[in-house]
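Every read-out reported here was derived from the displayed coordinates using simple, explicitly stated rules and does not represent laboratory data. Just so you know, these numbers come straight off a predicted model, no measurement behind them. Positions of Cβ are generated from backbone atoms using ideal geometry, with glycine treated the same way; all protein chains shown enter the neighbour counts.
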Amino acid sequence: MAQDKIEKPEKEWKKVLTSEQYHVLRQKGTERPFSGDLYYNKEKGVYTCAACGQELFSSDTKFESGTGWPSFSDVIASDKVRLQEDTSHFMRRVEVVCSRCGGHLGHVFDDGPKPTGKRFCINAVSLDFKKKPE
Ligand code: FE
């Protein structure tokens, strides 16, 4: 079930996000590959939106893509993200956005592992991680 949408003026986001989070989540930036700790994270748990806390990806779908960005084969539930065409940088890509706060997460590609065949290529800085209780 989708939670209530969050809308804030950009200056409010600027107050609650780090400058790197703001650059990626609100200005559709891209972090340097291999720069985020969560790229290497192998613990069981749930990845949430760093801006609004919505649950986005399960560790069960995380895989090693070799790209330097956290990669997932699926979303925890399809209504947690919005997919939209992105034609910036002379490419045609599908942007992945948090459905609750509109924050930019990354892009999705069709070269992921089975069964979905999807590769959600997500900026680590856009994510937080909630470890599953033992
Ligand atoms: Fe969000």
Those residues of the stretch 1-50 that are free of Cβ contacts under 8 Å to residues at least 60 places away in the same chain, in contact with a helix residue (DSSP H, G or I) (Cβ under 9 Å, 6 or more places away or on another chain) and on the phi > 0 side of the Ramachandran plot come to a total of 0
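Filter the stretch 82-101 down to the residues that are buried (at least 18 other Cβ atoms within 10 Å of the Cβ) and either more than 16 Å from the ligand (Cβ to nearest atom) or over 22 Å from S35 (Cβ atoms) (or both) and list them by number.
Step one: of the stretch 82-101, the residues buried (at least 18 other Cβ atoms within 10 Å of the Cβ) are 95-101.
Across the stretch 82-101, the qualifying residues are S99, R100, C101.
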Report, ordered by the first and then the second residue, all pairs with beta carbons closer than 9 Å, sequence separation of six or more or different chains, a first member in the stretch 94-107 that is in contact (Cβ under 8 Å) with a residue 12 or more places away in the chain, and a second member that is of a type in the set (F, W, Y) and crowded, with 22+ Cβ neighbours inside 10 Å.
V96/F120; L105/F120; G106/W69; G106/F120; H107/F120
Can you pull out the residues in the stretch 22-51 that are in contact with a Lys or Arg (Cβ under 9 Å, 6 or more places away or on another chain) and of a type in the set (F, W, Y)?
Y22, Y47
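Mind listing whichever residues of the stretch 102-127 are part of a strand (DSSP E or B) and loosely packed, with under 15 Cβ neighbours inside 10 Å?
Our first condition is that a residue be part of a strand (DSSP E or B); within the stretch 102-127, this holds for 104-109, 119-122, 127.
Correct list: empty.
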